[in-house]
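Below: one structure, written as structure tokens.
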Amino acid sequence: MSTATPSVLPGKVVSIHYTLTDDEGVVLDKSQAGKPLAYLHGYENIIPGLESGLAGRKLGDKLKVDVTPEDGYGVHDPEGVQKVPRAAFPRDIDLRPGMQFSAENDGGGSGTIWILSVADEHVMIDLNHPLAGKTLHFDVTIAEIRDASREEVSHGHPHGPEGHHHH
Ligand code: ZN
């Protein structure tokens, strides 16, 4: 046995390959081949149920993590489904089901709205995440675990090839 095998701990940048399926086994999402998802453990970069399922696991581990809606994208709030005038959206955008927009809410924050359906005069929108209300099943392989840099910790997310972004 090796005591040198890295573990998933707060402050580690963890890269995972994953496949996400629903209760029926339909694939909802998966990491791209050769491009694992990198996240900073302990900083709420990923949904709570997946993060807690990975805690303490080791490099190379393959595991299944089942996540309830409460620990995933939340329960589905029926009041989040709303009918709004087509005129509320820019005219030059060709609205299609599945599109998402950022919108400011009454509290001054911003949220995401998803387009459910589009008619001539009205658009059905959903303020819930498309995965709200779903129990999620992750098949995960831990591809890399490394120490986060000081900058990554202060930002609360990973940088570098797998987590590259601009500020
Ligand atoms: Zn950053």
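The values are calculated or read from the model by the stated rules, or taken from the named source; none is laboratory data. Keep in mind the model is a prediction, meaning the values are calculated, not measured. Ideal geometry is used to build each Cβ from the backbone, glycine not excepted, and the neighbour counts take in all protein chains shown.
So residue 157 passes all but one of these: (1) more than 16 Å from the ligand (Cβ to nearest atom); (2) surrounded by 13 or more Cβ atoms within 10 Å (Cβ to Cβ); (3) of a type outside the set (Phe, Trp, Tyr). Which condition number does it fail?
Residue 157 satisfies every listed condition except (1).
Say whether the condition of being under 30 Å from residue 141 (Cα atoms), surrounded by 11 or more Cβ atoms within 10 Å (Cβ to Cβ) and of a type in the set (A, V, I, L, M, F, W, C) is met by at least one residue in region 83-95.
For region 83-95, residues under 30 Å from residue 141 (Cα atoms), surrounded by 11 or more Cβ atoms within 10 Å (Cβ to Cβ) and of a type in the set (A, V, I, L, M, F, W, C): absent.
Would you mind finding the one in 70, 152 that is within 16 Å of the ligand (Cβ to nearest atom) and either loosely packed, with under 13 Cβ neighbours inside 10 Å or farther than 21 Å from residue 20 by Cα (or both)?
Only one candidate qualifies: 152.
I'd like to check which strands (runs of 3 or more DSSP E) are fully inside region 2-120 and have at least 1 residues that are touching a His at 6+ places or on another chain (Cβ under 9 Å).
In region 2-120, the matching strands (runs of 3 or more DSSP E) lie at 12-21, 27-30, 37-40, 62-67, 81-85, 110-118.
For region 105-129, give me each residue that is surrounded by 15 or more Cβ atoms within 10 Å (Cβ to Cβ) and either within 16 Å of the ligand (Cβ to nearest atom) or without any contact (Cβ under 8 Å) to a residue 24 or more places away in the chain (or both).
Result: 113, 114, 115.
When you check residue 132 against the structure, is it in contact with a strand residue (DSSP E or B) (Cβ under 9 Å, 6 or more places away or on another chain) and in a strand (DSSP E or B), yes or no?
For residue 132, the condition - in contact with a strand residue (DSSP E or B) (Cβ under 9 Å, 6 or more places away or on another chain) and in a strand (DSSP E or B) - is not met.
Suppose the filter is among the aromatic types (Phe, Trp, Tyr), more than 18 Å from the chain's Cα centre (by Cα) and surrounded by 10 or more Cβ atoms within 10 Å (Cβ to Cβ); does residue 101 pass it? Let's see the steps before the verdict.
On the way: among the aromatic types (Phe, Trp, Tyr): yes; more than 18 Å from the chain's Cα centre (by Cα): no; surrounded by 10 or more Cβ atoms within 10 Å (Cβ to Cβ): yes.
Here the answer is no, as residue 101 does not meet what is asked.
For every residue, the table says whether it meets (1) without any contact (Cβ under 8 Å) to a residue 40 or more places away in the chain; (2) assigned by TED's automatic domain parsing to the domain that holds residue 145; (3) under 19 Å from the mean Cα position of the chain (by Cα).
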residue: 4; (1), (2), (3): yes, no, no
residue: 18; (1), (2), (3): no, yes, yes
residue: 27; (1), (2), (3): yes, yes, yes
residue: 54; (1), (2), (3): no, yes, yes
residue: 58; (1), (2), (3): no, yes, no
residue: 61; (1), (2), (3): no, yes, no
residue: 65; (1), (2), (3): no, yes, yes
residue: 68; (1), (2), (3): no, yes, yes
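Does region 12-58 hold any residues that are at positive phi and in contact with a helix residue (DSSP H, G or I) (Cβ under 8 Å, 6 or more places away or on another chain), and which are they?
Residues satisfying the conditions are 42, 44.
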